[in-house]
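Reviewing the structure listed below.
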Amino acid sequence: MKNFISIIISTFCLLFTFQNLIAQSQVLEECGFDYKRVILLQDPNYLKLEIESEMKIAQYLSQNQSRSSHSIYTIPVVVHVLHTGQPIGTSYNISDAQIQSAITRLNEVYRGQSANSPVDFKIDFSLAKQDPNCDSTSGILRIDASAVPNYSTSGVDYFGDGGQADEDNLKALSKWPETEYFNIWIVNEIEDNDGGSGIQGYANYFYGNNNEGSIMMYNVFGYDPNNNEPNFSLKGARNNSIVVHEFGHYLHLYHTFQGDGDADQDAIGDNCPGDITIGVDSDGCSDTEPHKRHTSQCLSGQLNDCSNQTYGDNTAKNYMSYASCKTILTANQKSRSRAMLESIGISLIYSSGDQYPSSVNSSLSNPNCTPQTSNDGLAGHYTGIKSLVIPNVFALSSSWADDDGGYVDHTGNCQKIIDVFEDSTYNIEITTLYNGNNIKGYVDFNSDGDFLDANEEILNLNTVSNNVSPYTSTAYINFTVPTVNGTTVKSGVKLRLRLNADIGNVIGPCHAPLYGQVEDYALIININSNEINRMSANICNGESYNFNGTTLTSSGTYYDTLVGQANSGADSIIILSLNINSDIVSNIAQNGNNIDVSSTGGSGSYTVLWSTGETTNSIVPTFNSNFWALVTDSDNCTGDTVFFDVIFVGSNGNKNWDNNISIYPNPTKNLLTISAANFSGIINTSVFDLFGKKLLSTNEREISLKPFKNGIYFLSVKVQEKTSTIRVIKK
């Protein structure tokens with residue numbers, strides 16, 4: 001649909017259509033976005049926020065601006081699994097592997113790596129690597145929500161009419177800052193649908209507001225279209241299309257049929273959208289067609305009764321439709337998504353939640369003053385520091401001075417540290433609200449607690465008054481970081497950067513604003529180098545990594561400086577991103593005549609070794625015995641050996657060779673004798689330890705265990721073409 005916007009018309013249209021939208025939106029479609037949006041739009045402040053956001057998106061699209069030179073934006077994702085007490089990997093408590101499959105598929109689609117959707121949004125979704133306290137995390141949290149009233153029996157209350165679990169109460173169990181992370185809550189069911197038809201999930205537009213994110217049912221979050229992972233708790237097509245759809249809403253994508261209406265609740269649109277006002281009767285994308293929804297149908301190649309032309313696949317197969325054949329996202333949807341991130345969603349671009357925690361942990365000198373806004377200034381919306389942006393480096397937004405409580409100290413926010421290099425020039429953008437401000441900036445370069453030393457005032461700017469929405473004004477300046485000398489300018493430690501803004505003249509770093517505010521930030525100056533070497537490493541849990549003589553045992557980002565080692569004679573800085581893989585947890589379960597092994601944790605891409613020598617995830621036992629499996633991930637980390645007693649073979653025609661083989665004495669102190677009834681030929685035997693390591697192979701019928709320590713071992717005994725695995729004990 002066309003990318004037109006009329007703000008004034010939009011305001012009246014949205015208000016006028018509320019009653020119709022509310023009446024229509026209790027249809028149980030697969031996506032719950034529309035109804036939730038309608039409820040939010042009844043709040044005038046939210047309506048204003050949406051209109052202002054469309055203005056910002058339109059401005060970025062028209063000016064083709066970019067907020068970062070990084071071509072790929074990474075959004076940290078945290079998944080909160082709200083189970084009801086099930087073991088990990090079963091039912092609502094879905095496995096790590098199922099969660100990772102959903103994220104992997106998202107990235108295939110949004111990076112144009114899906115065969116049917118080649119448009120690369122240059123947007124990555126990454127399970128968070130550090131939590132809000134800057135500690136290492138897997139990005140997956142598991143919470144037993146069974147204590148929340150009505151959750152175990154009927155899931156989430158979608159319509160807010162009682163009878164199910166309150167959505168806000170569920171989210172309060174576990175959530176991370178909405179400005180820095182995309183929160184996903186995995187639930188058992190929505191509106192008492194038993195995990196079946198009806199609403200499958202829903203998301204909010206990103207604004208950074210409380211409780212934003214997405215709720216999705218456990219059995220749609222994952223990708224396994226060919227059923228290669230039977231232990232995944234998925235249903236239907238198992239193709240993750242619901243997840244792709246809801247993530248699109250988070251990026252401010254509308255339904256392609258926006259404005260079609262469905263008053264008769266037959267899951268087919270009533271009207272052809274007018275394609276005039278974004279959010280009312282247009283999705284804001286010129287490469288999709290105005291059309292009616294046709295829920296769970298695929299109209300590719302058929303007539304679009306809104307245009308009297310054959311449907312193009314950009315529309316008929318679009319992920320943001322309700323089609324049964326969703327496979328495509330478009331170039332205009334990419335442009336709109338990136339424009340949102342470069343304006344409204346800038347905090348996500350600069351979030352460090354997708355990065356491993358930094359090893360920098362220096363204290364910060366206490367300031368000699370903490371200037372507070374006057375009581376008069378805190379009595380109303382006069383002004384405030386709206387945001388500080390250093391493109392490619394840092395961004396942080398705040399609000400009116402009175403909403404912030406005046407003075408704000410951001411230095412304790414471990415995820416919001418400004419990293420710069422000596423002798424480098426940066427553009428600084430400072431935005432204030434409503435009234436014009438004089439802004440002075442200071443850096444305590446020598447970390448003595450004040451800003452009174454030479455050259456510690458770094459900027460003196462003025463913004464202008466703006467009483468028209470969005471009521472902001474931005475001033476710009478280039479700043480060159482001074483050369484580090486270890487005394488008057490320190491490196492590698494946190495330094496305090498202060499912005500002091502007020503209506504009228506700011507007289508110094510300790511000026512107490514009458515109407516404005518003071519905000520402090522943490523800044524680290526890094527020594528410049530002509531050579532920066534970045535490296536990464538993954539190691540197994542329990543192992544250590546030697547980093548230039550330092551033994552590392554936890555995930556994080558580590559730095560080392562090799563003085564004078566660059567080719568130019570300058571210092572060489574080595575930056576290591578170290579990841580400690582989580583433990584591999586495996587389980588063997590019977591599946592008909594098969595036994596299957598499933599695993600979570602580690603780095604994924606598992607390989608399996610069974611006691612029979614087979615290497616597939618699923619095997620068909622031909623004899624009763626105690627089977628074992630050893631799982632290894634792509635980083636060659638191994639989990640604990642898991643065991644399973646097979647007792648179901650024998651009635652299906654398979655020869656039970658264990659009944660013909662005897663091993664004695666068992667337990668033994670040294671020698672084992674192997675006997676096979678009525679068989680005098682060659683018996684091939686291998687001895688394995690608990691970890692699946694082969695210790696010995698022989699065709700002798702008497703085996704010495706003398707070289708081995710006391711413990712449990714497994715003998716793989718092959719008689720003709722049949723193999724038995726028998727556990728023995730050396731004591």
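The values are calculated or read from the model by the stated rules, or taken from the named source; none is laboratory data. All of these numbers come straight from a predicted model, not from anything done at the bench. For neighbour counting, all protein chains shown are included, and Cβ atoms are generated from backbone atoms with ideal geometry for every residue, glycine included.
Under the condition of being buried (at least 21 other Cβ atoms within 10 Å of the Cβ) and either closer than 30 Å to ASP135 by Cα or among the aliphatic types (A, V, I, L, M) (or both), the residues counted in the range 443-469 number 3. Residue by residue through the range 42-52, note down the ones that are in contact with a Phe, Trp or Tyr (Cβ under 7 Å, 6 or more places away or on another chain) and either aromatic (Phe, Trp, Tyr) or modelled with pLDDT of 90 or more (or both). Hit for the range 42-52 is GLN42, nothing else.
For the range 41-61, a residue qualifies if it is free of Cβ contacts under 8 Å to residues at least 12 places away in the same chain, assigned to a helix (DSSP H, G or I) and either not aromatic (Phe, Trp, Tyr) or not assigned by TED's automatic domain parsing to the domain that holds PHE159 (or both), and the qualifying residues are PRO44, ASN45. Looking across VAL506, VAL489, one residue alone is crowded, with 16+ Cβ neighbours inside 10 Å, at negative phi, in contact with a Lys or Arg (Cβ under 9 Å, 6 or more places away or on another chain) and in a loop (DSSP other than H, G, I, E, B). It is VAL506.
If the condition is being charged (D, E, K, R) and either free of Cβ contacts under 8 Å to residues at least 12 places away in the same chain or not assigned by TED's automatic domain parsing to the domain that holds SER233 (or both), then the range 159-180 contributes only ASP161. Note on the range 581-607: among residues that are among the β-branched types (Val, Ile, Thr) and under 25 Å from ASN624 (Cα atoms), the one that is nearest to the chain's Cα centre (by Cα) is VAL585.
Among the residues of the range 464-512, those that are β-branched (Val, Ile, Thr), in contact with a Leu (Cβ under 9 Å, 6 or more places away or on another chain) and under 30 Å from SER374 (Cα atoms) comprise THR472, ILE477, ILE503.
Checking the structure you have, find out if any residue of the range 376-386 is more than 19 Å from LEU459 (Cα to Cα), within 36 Å of the chain's Cα centre (by Cα) and among the aromatic types (Phe, Trp, Tyr). Break it down stepwise before answering.
From the range 376-386, those more than 19 Å from LEU459 (Cα to Cα) are 376-383; that's our starting set.
Applying the additional criterion that residues be within 36 Å of the chain's Cα centre (by Cα) yields 381, 383.
Narrowing the set further to residues that are among the aromatic types (Phe, Trp, Tyr) leaves none.
No, the range 376-386 contains no residue that is more than 19 Å from LEU459 (Cα to Cα), within 36 Å of the chain's Cα centre (by Cα) and among the aromatic types (Phe, Trp, Tyr).
Scanning the range 95-130 for residues that are out of contact with any Gly (no Cβ under 6 Å at 6 or more places or on another chain), assigned to a loop (DSSP other than H, G, I, E, B) and within 20 Å of ASN581 (Cβ to Cβ) gives a single hit, LYS129. Restricting to the range 682-716, what's the tally of residues that are over 17 Å from PRO667 (Cα atoms) and of a type in the set (D, E, K, R)? The qualifying residues number 3. Taking the range 180-201 as the range and being hydroxyl-bearing (Ser, Thr, Tyr) and either under 13 Å from the mean Cα position of the chain (by Cα) or closer than 20 Å to ILE99 by Cα (or both) as the test, only TYR181 passes.
When only residues in the range 303-321 that are part of a loop (DSSP other than H, G, I, E, B) and surrounded by 23 or more Cβ atoms within 10 Å (Cβ to Cβ) count, which is farthest from the chain's Cα centre (by Cα)? It comes out as SER321.
Taking the residues in the range 138-147 that are in contact (Cβ under 8 Å) with a residue 40 or more places away in the chain and not charged (D, E, K, R) as candidates, determine which candidate is nearest to PRO87 (Cα to Cα). Explain how you work it out, then say what you get.
Our first condition is that a residue be in contact (Cβ under 8 Å) with a residue 40 or more places away in the chain; within the range 138-147, this holds for 138-146.
The next check asks that each one be not charged (D, E, K, R); those that pass are 138-141, 143, 145-146.
Values: SER138: 18, GLY139: 19, ILE140: 15, LEU141: 14, ILE143: 12, ALA145: 14, SER146: 14 Å.
Per the stated criteria, the residue is ILE143.
When SER174 is tested against (1) of a type in the set (S, T, N, Q); (2) farther than 20 Å from LEU348 by Cβ; (3) surrounded by fewer than 20 Cβ atoms within 10 Å (Cβ to Cβ), exactly one condition is not met: (2).
Within the range 270-280, which residues are crowded, with 20+ Cβ neighbours inside 10 Å and either free of Cβ contacts under 8 Å to residues at least 60 places away in the same chain or closer than 11 Å to GLU54 by Cβ (or both)? Hits for the range 270-280 are THR277, ILE278, GLY279, VAL280.
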